[in-house]
Amino acid sequence: MSHVPHELAEEFPDMKDRIHELKLSNGHFARLADEYHTLNREIHRVEAAGINVDDPTFEDLKKKRLAMKDEIYRMLNGD
């Protein structure tokens, strides 16, 4: 399996246990983490394969990933 950057465990290495806990106990967090994972894999696939995606569309995907990561971070910190 190839290395995919920006996985949640890499982004928040000190919060691996909290990520696991929230995935089991919080439905919203679990769905958000799954959506983040899917989007992150898609971005990585586009980057790795050199798939032709126009820049604004690709930038929108990366902005969406960042917004999701911000929400995940807030949830991990109990905000």
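The values are calculated or read from the model by the stated rules, or taken from the named source; none is laboratory data. Quick caveat: nothing in here was measured; it's all calculated off a predicted structure. When we count neighbours, we look across all protein chains shown, and the Cβ atoms used for this are built from the backbone with ideal geometry, even at glycine.
At-a-glance table
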read-out: Subset of region 36-63 that is of a type in the set (A, V, I, L, M, F, W, C) and farther than 15 Å from HIS6 by Cβ - its residue that is surrounded by the most Cβ atoms within 10 Å (Cβ to Cβ); value: VAL53
read-out: In region 1-16, the residues that are among the hydrophobic types (A, V, I, L, M, F, W, C), assigned to a helix (DSSP H, G or I) and more than 14 Å from MET75 (Cα to Cα); value: ALA9
read-out: Subset of region 17-51 (residues that are of a type in the set (A, V, I, L, M, F, W, C) and either part of a helix (DSSP H, G or I) or closer than 15 Å to LYS64 by Cβ (or both)); value: ILE19, LEU22, LEU24, PHE29, ALA30, LEU32, ALA33, LEU39, ILE43, VAL46, ALA48, ALA49
read-out: Total residues in region 10-25, condition among the charged types (D, E, K, R), surrounded by fewer than 15 Cβ atoms within 10 Å (Cβ to Cβ) and closer than 16 Å to TYR36 by Cα; value: 2
read-out: Sole residue being at pLDDT 95 or above and out of contact with any Gly (no Cβ under 7 Å at 6 or more places or on another chain), chosen from HIS28, HIS3; value: HIS28
read-out: Region 52-65, subset acidic (Asp, Glu) and either part of a helix (DSSP H, G or I) or on the phi > 0 side of the Ramachandran plot (or both), residue modelled with the highest pLDDT; value: ASP60
read-out: Matching entry among GLU47, GLU42, GLU71 (being more than 19 Å from ARG18 (Cα to Cα), among the charged types (D, E, K, R) and modelled with pLDDT of 85 or more); value: GLU42
